[in-house]
Amino acid sequence: MSIDDVRPIISGIVGGMLAICLSALLSRWIPKAFRQKSADFLLREFRIAIKVTNLLSLLGLLSPIILYRWANFSIHDLRPLGLGFGLMLSTPLVVMPLWAILSSRAPCEAVVAYCISQKLPVTLMLMLLIPGVLLLLFSVWSLLA
């Protein structure tokens, strides 16, 4: 057995250990409550919205496969990939607040509930999602131009 055979195993173990350490570090900043509502209450209140958001994000992530296969894009054209990641990342920022408004709840509670469900601090989640909106806008603009 050579080092080339063992290298992926070592890489996977190190990556897994780093992920565990990072999740333990970030767990301190995950909200436990928001506006006198516990995390469990928020998760129950927005359970369906979170599932719909996750499903739509998955569909956004899978959309480049459809575009590459049936819209005859070159494998070297990255616009469908940008569109897919943009859809995936911008879906929570659209669906969760819209769901909250339609159900007469506070949009910020919906976003916090989504962050709790994904086990990420709100600041980190927004730092990941907001560039996704810009990526989506840029990808749509470049596809239409």
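The values are calculated or read from the model by the stated rules, or taken from the named source; none is laboratory data. Note that the structure is a prediction, hence the values are computed from the model and not measured. Please note: Cβ atoms are built from the backbone with ideal geometry, for glycine as well, and neighbour counts cover all protein chains shown. Each accessible area value is taken on the protein alone, full model and side chains, heavy atoms only, with ligands, DNA and RNA left out. Shrake-Rupley method; radii C 1.70, N 1.55, O 1.52, S 1.80 Å.
The Cα atoms of the range 84-145 cover 38, 25, 14 Å along the three principal axes, with the biggest extent listed first.
Give the Debye-formula value of log10 I(q)/I(0) at each listed q (0.09, 0.14, 0.21, 0.22 Å⁻¹), with one equal scatterer per alpha carbon of the range 1-140, two decimals each. Values returned for q = 0.09, 0.14, 0.21, 0.22 Å⁻¹ are -0.38, -0.80, -1.16, -1.20. Candidates T91, G132, P107 compared by Cα position along the dipole of the chain: farthest toward the positive end lies P107, with charges placed on Cβ. At a probe radius of 1.4 angstrom, the accessible area of the chain per residue rounds to 66 square angstrom.
Plainly put, the range 62-110 has a radius of gyration that is 1.24 times its Kirkwood radius, both from alpha-carbon atoms, as the Rg/Rh ratio. Per-peptide packing, taken as the mean over residues of other Cβ atoms within 10 Å, places 80-87, 116-123 in the sequence 80-87, 116-123 from highest down. Here the accessible area of the chain is 73 percent carbon and sulfur, with a 1.4 angstrom probe and all protein chains present. Shown in residue order for the range 109-114 are the 3J(HN,Hα) couplings computed by the Karplus curve 6.51 cos²θ - 1.76 cosθ + 1.60 at θ = phi - 60°: 5, 5, 5, 5, 4, 5 Hz (x for Gly and Pro).
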